[in-house]
Amino acid sequence: NWYMARRRIPGEGFRFFAWDAEISLWDINANAFDVNKSQSPAFFYSQLRANAEFRQMFADRLHAALFNGGPLTTANCIARFQTRMTQVRIAVVAESARWGDQTRRPSYTLLDDWDPSTAWEIQEFFPKRPAVFLSHAKAAGLYPNLDAPVFSQHGGTFQNSLQLSVNAPGSPNGKIYITTNGIDPREPGGAVAASATLYSAPVTLQTDTLI
(Lines give C-alpha, C1' and ligand atoms only; values in the text may rest on other atoms or scores of the structure.)
Protein backbone atom coordinates (compact mmCIF):
# COMPACT_ATOMS: atom_id res chain seq x y z
CA ASN A 1 0.00 0.00 0.00
CA TRP A 2 2.19 2.78 -1.26
CA TYR A 3 2.73 5.15 -4.16
CA MET A 4 5.74 6.95 -5.51
CA ALA A 5 5.84 10.20 -7.43
CA ARG A 6 8.26 12.84 -8.63
CA ARG A 7 8.12 16.43 -9.79
CA ARG A 8 8.93 16.72 -13.49
CA ILE A 9 11.94 18.93 -12.83
CA PRO A 10 15.57 17.92 -13.53
CA GLY A 11 17.28 16.63 -10.40
CA GLU A 12 14.07 15.86 -8.53
CA GLY A 13 14.02 12.31 -7.19
CA PHE A 14 11.07 10.09 -6.41
CA ARG A 15 9.16 10.44 -3.13
CA PHE A 16 7.41 7.51 -1.49
CA PHE A 17 4.02 7.61 0.25
CA ALA A 18 3.03 4.63 2.39
CA TRP A 19 0.02 3.74 4.52
CA ASP A 20 -1.49 0.71 6.24
CA ALA A 21 1.88 -1.01 6.52
CA GLU A 22 1.69 -2.65 9.95
CA ILE A 23 2.09 -6.07 8.32
CA SER A 24 5.75 -5.16 7.74
CA LEU A 25 6.36 -5.66 11.49
CA TRP A 26 4.66 -9.04 11.81
CA ASP A 27 7.19 -11.56 10.52
CA ILE A 28 10.88 -11.55 11.51
CA ASN A 29 11.70 -13.84 8.59
CA ALA A 30 9.68 -12.11 5.86
CA ASN A 31 11.53 -11.82 2.55
CA ALA A 32 10.25 -9.39 -0.08
CA PHE A 33 13.43 -8.93 -2.13
CA ASP A 34 11.95 -10.74 -5.13
CA VAL A 35 8.80 -8.61 -5.24
CA ASN A 36 7.73 -7.78 -8.79
CA LYS A 37 4.33 -6.49 -9.82
CA SER A 38 3.44 -4.65 -13.00
CA GLN A 39 1.86 -1.21 -12.71
CA SER A 40 3.47 -0.74 -9.30
CA PRO A 41 6.66 0.80 -7.88
CA ALA A 42 8.03 -2.72 -7.43
CA PHE A 43 8.29 -3.01 -11.21
CA PHE A 44 10.98 -0.29 -11.32
CA TYR A 45 12.94 -2.01 -8.58
CA SER A 46 12.75 -5.44 -10.21
CA GLN A 47 14.06 -4.06 -13.50
CA LEU A 48 16.85 -2.06 -11.88
CA ARG A 49 18.19 -5.14 -10.12
CA ALA A 50 19.72 -6.26 -13.42
CA ASN A 51 22.04 -3.24 -13.30
CA ALA A 52 25.33 -3.77 -11.44
CA GLU A 53 25.62 -0.12 -10.44
CA PHE A 54 22.14 -0.18 -8.95
CA ARG A 55 23.08 -3.25 -6.90
CA GLN A 56 26.19 -1.46 -5.64
CA MET A 57 24.20 1.67 -4.72
CA PHE A 58 21.60 -0.53 -3.00
CA ALA A 59 24.31 -2.25 -0.96
CA ASP A 60 25.88 1.09 0.01
CA ARG A 61 22.51 2.41 1.14
CA LEU A 62 21.80 -0.74 3.17
CA HIS A 63 25.17 -0.50 4.88
CA ALA A 64 24.59 3.13 5.82
CA ALA A 65 21.17 2.25 7.25
CA LEU A 66 22.05 -0.96 9.11
CA PHE A 67 25.41 -0.13 10.70
CA ASN A 68 27.20 2.53 12.75
CA GLY A 69 24.15 4.26 14.18
CA GLY A 70 22.16 4.16 10.94
CA PRO A 71 18.36 4.58 10.96
CA LEU A 72 17.66 0.82 10.72
CA THR A 73 19.92 -0.25 13.56
CA THR A 74 18.05 -1.93 16.40
CA ALA A 75 18.47 0.93 18.88
CA ASN A 76 17.20 3.57 16.46
CA CYS A 77 14.25 1.44 15.33
CA ILE A 78 13.20 0.84 18.93
CA ALA A 79 13.51 4.54 19.78
CA ARG A 80 11.29 5.55 16.82
CA PHE A 81 8.81 2.80 17.62
CA GLN A 82 8.52 3.78 21.27
CA THR A 83 7.98 7.42 20.32
CA ARG A 84 5.09 6.49 18.03
CA MET A 85 3.60 4.09 20.58
CA THR A 86 3.61 6.82 23.21
CA GLN A 87 1.88 9.21 20.81
CA VAL A 88 -0.98 6.84 19.99
CA ARG A 89 -1.39 5.02 23.30
CA ILE A 90 -4.43 7.00 24.49
CA ALA A 91 -6.02 6.82 21.04
CA VAL A 92 -5.72 3.02 21.12
CA VAL A 93 -8.09 2.96 24.10
CA ALA A 94 -10.77 4.60 21.95
CA GLU A 95 -9.99 2.30 19.02
CA SER A 96 -10.34 -0.73 21.27
CA ALA A 97 -13.64 0.57 22.60
CA ARG A 98 -14.95 1.07 19.08
CA TRP A 99 -13.56 -1.93 17.21
CA GLY A 100 -12.17 -4.30 19.82
CA ASP A 101 -15.11 -6.71 19.73
CA GLN A 102 -15.61 -6.78 15.95
CA THR A 103 -13.53 -9.90 15.36
CA ARG A 104 -13.08 -11.47 18.76
CA ARG A 105 -14.71 -11.93 22.13
CA PRO A 106 -13.40 -11.15 24.65
CA SER A 107 -12.50 -7.86 22.99
CA TYR A 108 -9.00 -6.78 22.08
CA THR A 109 -7.78 -4.42 24.81
CA LEU A 110 -4.82 -2.18 25.48
CA LEU A 111 -3.42 -4.13 28.42
CA ASP A 112 -4.16 -7.65 27.21
CA ASP A 113 -3.25 -7.27 23.52
CA TRP A 114 -1.66 -3.97 22.54
CA ASP A 115 1.00 -3.86 25.25
CA PRO A 116 2.16 -7.49 24.77
CA SER A 117 2.32 -6.91 21.01
CA THR A 118 4.46 -3.80 21.32
CA ALA A 119 6.69 -5.56 23.85
CA TRP A 120 7.25 -8.38 21.34
CA GLU A 121 8.35 -5.86 18.71
CA ILE A 122 10.91 -4.37 21.10
CA GLN A 123 12.19 -7.64 22.57
CA GLU A 124 12.08 -9.88 19.50
CA PHE A 125 11.42 -8.21 16.16
CA PHE A 126 13.80 -5.24 16.18
CA PRO A 127 16.76 -7.10 17.75
CA LYS A 128 16.53 -10.06 15.34
CA ARG A 129 15.24 -8.53 12.11
CA PRO A 130 18.39 -6.68 10.89
CA ALA A 131 20.52 -9.85 10.64
CA VAL A 132 17.72 -11.72 8.86
CA PHE A 133 17.12 -8.81 6.49
CA LEU A 134 20.83 -8.61 5.66
CA SER A 135 21.02 -12.36 4.95
CA HIS A 136 18.12 -12.01 2.51
CA ALA A 137 19.86 -9.07 0.82
CA LYS A 138 23.01 -11.17 0.35
CA ALA A 139 21.03 -14.07 -1.09
CA ALA A 140 19.35 -11.65 -3.52
CA GLY A 141 22.71 -10.32 -4.73
CA LEU A 142 22.00 -6.89 -3.26
CA TYR A 143 24.66 -6.95 -0.54
CA PRO A 144 28.17 -8.43 -0.76
CA ASN A 145 29.46 -11.24 1.42
CA LEU A 146 32.61 -9.17 1.99
CA ASP A 147 32.40 -7.05 5.12
CA ALA A 148 32.82 -3.30 4.66
CA PRO A 149 35.91 -1.55 6.07
CA VAL A 150 35.56 -0.26 9.63
CA PHE A 151 36.67 3.20 10.76
CA SER A 152 38.10 3.79 14.23
CA GLN A 153 35.42 6.53 14.50
CA HIS A 154 32.37 6.56 12.25
CA GLY A 155 31.70 10.26 11.93
CA GLY A 156 31.05 12.71 14.72
CA THR A 157 33.28 15.38 16.22
CA PHE A 158 36.81 15.60 17.54
CA GLN A 159 38.99 18.20 19.22
CA ASN A 160 42.25 19.50 17.75
CA SER A 161 43.05 16.48 15.57
CA LEU A 162 42.11 12.86 15.02
CA GLN A 163 44.10 9.86 13.88
CA LEU A 164 41.53 7.97 11.83
CA SER A 165 42.37 4.33 11.15
CA VAL A 166 40.59 1.97 8.75
CA ASN A 167 40.66 -1.81 8.71
CA ALA A 168 38.91 -4.62 6.90
CA PRO A 169 38.10 -7.33 9.46
CA GLY A 170 36.55 -9.60 6.85
CA SER A 171 39.55 -9.34 4.54
CA PRO A 172 42.61 -8.32 6.61
CA ASN A 173 44.97 -8.64 3.63
CA GLY A 174 42.74 -6.75 1.22
CA LYS A 175 43.41 -3.29 -0.18
CA ILE A 176 41.45 -0.26 1.00
CA TYR A 177 41.26 2.89 -1.11
CA ILE A 178 40.17 6.20 0.37
CA THR A 179 39.54 9.78 -0.74
CA THR A 180 39.34 13.00 1.25
CA ASN A 181 37.75 15.18 -1.47
CA GLY A 182 34.18 13.84 -1.26
CA ILE A 183 34.54 11.68 -4.38
CA ASP A 184 33.74 7.96 -4.24
CA PRO A 185 37.03 6.02 -4.50
CA ARG A 186 35.15 3.52 -6.63
CA GLU A 187 34.23 4.64 -10.13
CA PRO A 188 31.21 3.19 -11.97
CA GLY A 189 32.23 -0.22 -13.23
CA GLY A 190 34.58 -0.85 -10.32
CA ALA A 191 37.72 1.05 -11.34
CA VAL A 192 39.68 2.98 -8.72
CA ALA A 193 39.12 6.74 -8.93
CA ALA A 194 42.09 8.84 -9.97
CA SER A 195 41.97 10.84 -6.72
CA ALA A 196 41.87 7.75 -4.50
CA THR A 197 44.88 6.64 -2.52
CA LEU A 198 45.78 3.24 -1.11
CA TYR A 199 45.31 3.27 2.64
CA SER A 200 48.51 2.37 4.49
CA ALA A 201 48.43 4.29 7.78
CA PRO A 202 46.01 6.32 9.91
CA VAL A 203 44.86 9.60 8.38
CA THR A 204 45.40 12.78 10.40
CA LEU A 205 42.26 14.95 10.39
CA GLN A 206 42.36 18.56 11.59
CA THR A 207 39.16 19.93 10.08
CA ASP A 208 35.79 18.80 8.68
CA THR A 209 36.61 16.04 6.21
CA LEU A 210 34.59 13.49 4.28
CA ILE A 211 36.48 10.22 4.09
**Q.** Å³ per residue enclosed by the Cα convex hull of region 29-133
**A.** 149 Å³
Q.
Taking the alpha-carbon distance from residue 175 and a cut-off under 28 Å, which lysines remain once sequence neighbours fewer than 8 residues away in the same chain are dropped?
A. 138
**Q.** Solvent accessible area, Å² - residue 86, 1.4 Å probe, full protein context
**A.** 110 Å²
Q: Averaging sequence separations of C-alpha pairs under 8 Å and six or more residues apart, then dividing by the length of region 3-52, give the relative contact order as a whole percent.
A: 25 percent
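Relative to the Cα centre, what is the charge dipole magnitude of the chain, using +1 at the beta carbon of each Lys and Arg, -1 at the beta carbon of each Asp and Glu, and rounding to the nearest 20 debye?
With Lys and Arg at +1 and Asp and Glu at -1, about 420 debye.
Before I look further, what does the chain give for accessible area per residue, probe 1.4 Å, in whole square angstrom?
71 Å²
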Q.
Projecting each Cα onto the charge dipole of the chain (Lys/Arg +1, Asp/Glu -1 at the beta carbon, about the Cα centre), which of 125, 188, 24 comes out farthest on the positive side?
A. 188
Q: Would you calculate a helix-derived [θ] at 222 nm for the chain, using -39,500 (n - 2.57) for each DSSP H run of n ≥ 4 and dividing by the full residue count, to the nearest 500?
A: -10500 deg cm²/dmol
Q. Can you give the three extents of the C-alpha atoms in region 53-211 along their principal axes, from longest to shortest, in whole Å?
A. 67, 40, 24
(Q) For the chain, what does the relative contact order come out to in percent, with C-alpha contacts under 8 Å and a separation of six or more? (A) 16 percent
(Q) Just to verify a number: FRET efficiency for residue 117 and residue 9, C-beta to C-beta distance, R0 = 45 Å, to 0.05? (A) 0.60
Q. Can you pull the percent of region 1-136's accessible area that's carbon plus sulfur, 1.4 Å probe, other chains left in place?
A. 59 percent
Q | region 130-164 versus region 50-96: alpha-carbon centroid distance in Å | A | 17 Å
**Q.** Average Cα contact separation per residue, region 1-98, under 8 Å, 6 or more apart, as relative contact order %
**A.** 12 percent
Q.
Give me the tail of P(r) for region 96-188 as a percent: Cα-Cα pairs with distance above 16 Å.
A. 76 percent
Q | Förster-model FRET efficiency, 30 Å R0, residue 161 and residue 68, C-beta, rounded to 0.05 | A | 0.90
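The values are calculated or read from the model by the stated rules, or taken from the named source; none is laboratory data. Please read all numbers here as calculations on a predicted model, not as lab measurements. Counting neighbours? That spans all protein chains shown, and the Cβs are built from the backbone with ideal geometry, glycine included. What goes into the accessible areas is simple: the full protein's heavy atoms, side chains included, and nothing from ligands, DNA or RNA. Shrake-Rupley method; radii C 1.70, N 1.55, O 1.52, S 1.80 Å.
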